[in-house]
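Below is one structure, written out as structure tokens; the observations come after it.
Please treat every number below as a calculation from the coordinates, not as lab data. Quick caveat: nothing in here was measured; it's all calculated off a predicted structure. So basically every Cβ, Gly included, is an ideal-geometry build from the backbone, and we count neighbours across all protein chains shown.
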Amino acid sequence: MNDDHPVRFSVDYPDRELDRLTTAFRIFAVIPIAIVLATIGGYRSGGGVGTGSGTTVIAVGGTGLLFLPPLLMILFRQKYPRWWFDWNLELLRFTNRVGVYVALMDDRYPSTDEQQSVHLDFSYPDAHQGLNRWLPLVKWFLAIPHYVVLFFLYVGLLFVVIGAWFAILFTGRYPRGLFDYVEGVIRWHNRVLGYAFILVTDGYPPFRLRP
């Protein structure tokens, strides 16, 4: 992935015919893995970022992506415990695999642990040297312009996925232009999460869909 932002995301384009049957009934096929995901990250004890094809839960404590515990550790100890980082990274990867499946970008059933066609990565931060200890208090607020833009991008994504659904049913292919748009919106969403909620970077997310 040739991505110059700390949060790197891409999806392998399926240059082949996609399964039309599972595409037609994707909304039902995803139910079992969605239930699994909900048992891991679906308990809402804090706030949430809900967008388009899925919802990423930001948990103050308990399940979901950890937000408040890393914030407090960065603020008072200038540390980001490695196992909290690994939890957030792996849960976000799993969430993205499910989201990509819902968006029809891959017809392989989402794995709970294998990478498959979805590539998401960000480096473990040096909380003492690489992160501002006070910035996590306001990152969620500074990201407000992104929430507004993402709202409209996900409205567009809904229509794009519907268009892709028809295209796959009739041709077996996901139009590349539509695929790139969906990939770009999800990439944008992940960058905002990495900055404002997972707190792995102080680099403000760029206003762009491309890498």
Item checked: In the stretch 83-109, residue nearest to Glu17 (Cα to Cα) [restricted to those that are among the acidic types (Asp, Glu) and outside any loop (DSSP other than H, G, I, E, B)] -> Glu90
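Within the stretch 118-147, restricting attention to residues that are more than 15 Å from Arg93 (Cβ to Cβ), among the charged types (D, E, K, R) and in contact (Cβ under 8 Å) with a residue 12 or more places away in the chain, which residue is surrounded by the fewest Cβ atoms within 10 Å (Cβ to Cβ)?
Per the stated criteria, the residue is Arg133.
When only residues in the stretch 148-205 that are of a type in the set (Phe, Trp, Tyr) and within 14 Å of the chain's Cα centre (by Cα) count, which is surrounded by the fewest Cβ atoms within 10 Å (Cβ to Cβ)?
Kept after step one, since they are of a type in the set (Phe, Trp, Tyr), are these residues of the stretch 148-205: 151-152, 154, 159, 165-166, 170, 174, 179, 181, 188, 195, 197, 204.
After this cut, where a residue has to be within 14 Å of the chain's Cα centre (by Cα) as well, the list is 154, 188, 195, 197.
Numbers: Tyr154: 19, Trp188: 24, Tyr195: 25, Phe197: 26.
So the residue we want is Tyr154.
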Item checked: Near pairs, Cβ below 6 angstrom, 6+ apart or cross-chain, from the stretch 105-117 (touching a residue at least 24 places away in the same chain (Cβ under 8 Å)) to any residue that is of a type outside the set (Gly, Ala, Ser) and part of a loop (DSSP other than H, G, I, E, B) -> Asp107/Leu18; Asp107/Asp19; Ser117/Asp12; Ser117/Asp106
